[in-house]
Structures are given as structure tokens and as C-alpha cells.
């Protein structure tokens, strides 16, 4: 058994050809997708980076692991406490740990753990290769390490190789030598000059007139890039700037896809490609005008939480699209079922015990075996790094509940029909109160179950709130209001002070 897990950071599903994108961003991914199963409604339970990958590897929601933030208490996984044995359960219950116990050599090529100080991410891996640039590396900084491992190990049996590319993550920085293959391709036609003008009047982090978080200046890393690089403009003043953002992001995807092609070629030369299981996914997506946000993954909305999942498993279903609702944390129980793994830790096995880990995920193995629909009735999606929100995804709806607006002046409730309005331009909460009530019932049902199934009766969302709000906006409001003074957005200062008086105390 050989498995390659391609993990492309910030990869928005609908910017891939196999998900219907009009630009040729992903020829190699698309080729693999034709041979496997495309999951069209796949979501990260907890956004963005650190909460998402913690949920993926543990198979548990952030409300259970405690990891929902990028700083403060909610950025560290909860300790096991008095029940901890000689070794932490993380070694055996995580995705890499379970596969390692099963007999696969688990290998990660990624700077993720170092970028976020998330050392629990290393639990269960047999080999960890940190490429050393904290996520600022391009694909050509990652690929040599992956190729070296493939050259030395690919023909061995039983391995799981995780390769993590960061090119679509802000700041966009495709190398000059790539040129721009999308120069003649239009951007999505829903963003008209009129829509952009509306967005230019909005406030909050990563809005049209301050794309660089709460700043309208080029961020330091962007200033270091070679001349001619298509990168992230600090503000979107016209349609040319808007195109630059789309082009920069799509070039990041294409660059990662090109390097994925290099890996496939190397694996083919080693004679292992035909029987190789390939999994392609991401930690979260990216906004390009939804909620007025650009070049960031700062809410619990559709573009941020909706991620690709493509699985090519030789001998299983191919050329199939699964429309069921699934979480990223469902992958762990899915692999356990397909591989028929007994997840009981080795010591307990020797003592004749059988232990079932407390995973929150639900297997979708039958979708791969025979195309059976096995999605969930609804999903609850969380974000506590840029805002504090929980969303409910069900039927064709996305309901969003805001607890801290991250200075965006979001209403408490938002409701979007994502089939008719995939770009979230029309909040239907007031006109469809019955749908909001249904969503709230789902949210309460989920929350009750979560609180009843954990030893610590503290919801980490409220820990974030009590520690000063989402990590990426703490202490930013006074300075941001200074930026707004004397601009057409000055009107928002009074409302921001009204909503967040503690920032001015």
C-alpha cells in the first residue's frame, strides 16, 4: 500500500478545472480527478490553517481538541491530564499515528508545524521534513525534498507521503519566469465595477481598500519579491488591481499543480504510479469578494470552508462525483474502514484490550467502494482566528452566526442560498426566518452533543472571546480607525466604537 497525500494550502475548490473553473489552473490535478472520486461538498470543520489541520490529523472538532485559534489558549491542543499514559494518545489516535501503527511509513514534507508552533502535528509521523521557511517557500523549495524521498524510498512498499505546497497562500508570489498564462482569461463575471465599488465602501480586515489585513500598504514580504512578480496589491482601486489578485492566486495554484506533475513523473519512473493511492485536498479556501473580503480566509463562509477532496484509489470507484456533505476530519475513519485497521494502540493489543478512539468523523468509505451516498445531514463550521463565527451547511443553505465580527460590522445572522448565490451577495436571514430557525436547531443539537462528549466543559470559542477576541484582530481597531479617518469609510468609526467599546477603554 502506497499513498500520496497532496496538501495544497489555501486551495479553493472552485478554482480547479475539475470543479468547473474556466481557467486552466490544474491540468495534473484534473487528470488524476478523472480517475477517481471528486467530493463536491467537502468542508474543513474549523478554519483556517492551524485549526483545520489539527481537525484533519486528530479526526476531532476544534471544540473537542481546544484548537480553534492561531494564538492564545485556543492555539494549543488540550493536554490529556491525569489519564495520560507513558505515551500520549496523539501518537496512536492521529491520522499519521494510526497509519504508522498499521505498518505504513508515514512521512511529511511540510513547514506547517514550525509555522504555527503546532508541535502536536508531528505526533505519529515516522519522518518529518521541515523545509524551513515557515510557509513562505515556493514549490521549488518543497519539490527537491519530496523528490529525494521518492528517489530513495518510492519502490519500498507501505508508505504514506504527505507533501504540502503553499503557493496559493497570500502573499501571492508566482516567479517572474512563469509569465502569465491567464493574461487573456477573464476573471469571474459576477464581480462587476459596480460590485467592486460597493466593496470599496466596506470596512474590516482584507477589504477592498485595505487588502493587507488592516493596512493599505504593501506588506514587507511583498516588497522583497522580484520585480515583475504578480503579487497581492495592497488595495483594489480598479478592475486592473482586481485582475492582479485573481491572476496572482491562480498562478499559485498552477505552480503547485506543475510541481505535482513533477512528482507524478518521478513516481511513474519508479514504476509505482499505477497502483498509487492519491489524495488531493487543502486546509481551507480563499475569498475573492465574498462578504467583501479579498485574498484571505477570514470567516466561516463558503469560500473559506469549502475545500477540494479528490481520491484516486485504484480498484475503487472512478470518474464519479460525490455530492454528500463531508468534513475534512472524516478522512481518518474512512481510511481506517477501507484498510480494516484496528486502531487499538499496540500496548493495549498486547494486553488483549480493544480501544476505540473518540473520533468525531464519519466514514465515507462506501462512496469510494461503490459510489453510495453517505454524506451527513448538516455540517457545523467554525472560525475563531479572524472572526468568531459558527456556520451551518445544509440543503442548499449556509447559515452564519457571528459572535465577534472581526471589525467587519457583520450582522449577527447571515443566510445564503449558495446554489443561487454562491458568491454570498444577498443575505436572506430577514426574509427566511424559518430557515434560520432550522439552522439554529442544528447548531444547538451539535453544540449539546459536543459539550456532553468532552471532559472540559469549556467551549474554546468563548475562551477566544474572553481573551480579547480573534487573534488576528486583537488590538488593531484604534489604528484601523485612524486609517479610516478622512476617507469615504469614515462613517464606520462610530459604529465600530459602539460595537467594540472595550478597544477604546
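Each of 384, 49 was scored by other Cβ atoms within 10 Å of its Cβ. Arranged with the fewest first, they read 49, 384. Inter-label distance, residue 358 to residue 323: 3.7 nm, where each label sits 7 Å from its Cα along the C-beta direction. Between residue 268 and residue 342, the FRET efficiency from the beta-carbon distance, with R0 = 45 Å, is close to 0.85.
For the stretch 144-200, a Kirkwood radius taken over Cα pairs fed into Stokes-Einstein (20 °C, viscosity 1.002 mPa s) yields D = 133 µm²/s.
Here is how the number arises for the chain: DSSP H runs of 4 or more residues each give -39500 (n - 2.57), the sum is divided by the residue count, and the result at 222 nm is -9000 deg cm²/dmol. Reducing the stretch 425-471 and the stretch 385-410 to their Cα centroids gives an inter-centroid distance of 9 Å.
Potential lengthening of the chain between residue 155 and residue 35 amounts to 41.0 nm, from the contour at 0.36 nm per residue minus the alpha-carbon distance. Each label was represented as a point 7 Å from its Cα along the Cα-to-Cβ direction; for residue 198 and residue 458 these points are 4.2 nm apart. The label point for residue 275 and the one for residue 86, both projected 7 Å from the Cα toward the Cβ, are 3.6 nm apart.
If you take the beta carbon distance between residue 239 and residue 136 as r and set R0 to 25 Å, what does 1/(1 + (r/R0)^6) give as a FRET efficiency, to the nearest 0.05?
Result of the calculation: an efficiency of 0.30.
Once C-alpha pairs closer than 8 Å and six or more residues apart are averaged by separation and normalised to the residue number of the chain, the relative contact order reads 22 percent. The antiparallel fraction among DSSP beta bridges confined to the stretch 2-449 stands at about 55%.
Derived value for the stretch 2-449: Kirkwood hydrodynamic radius 22.3 Å. Basis is the mean of 1/r over every pair of different alpha-carbon atoms.
Values in this text are rule-based calculations from the coordinates and carry no lab data. On a predicted model such as this, the values are computed, not experimentally measured, just so you know. When we count neighbours, we look across all protein chains shown, and the Cβ atoms used for this are built from the backbone with ideal geometry, even at glycine.
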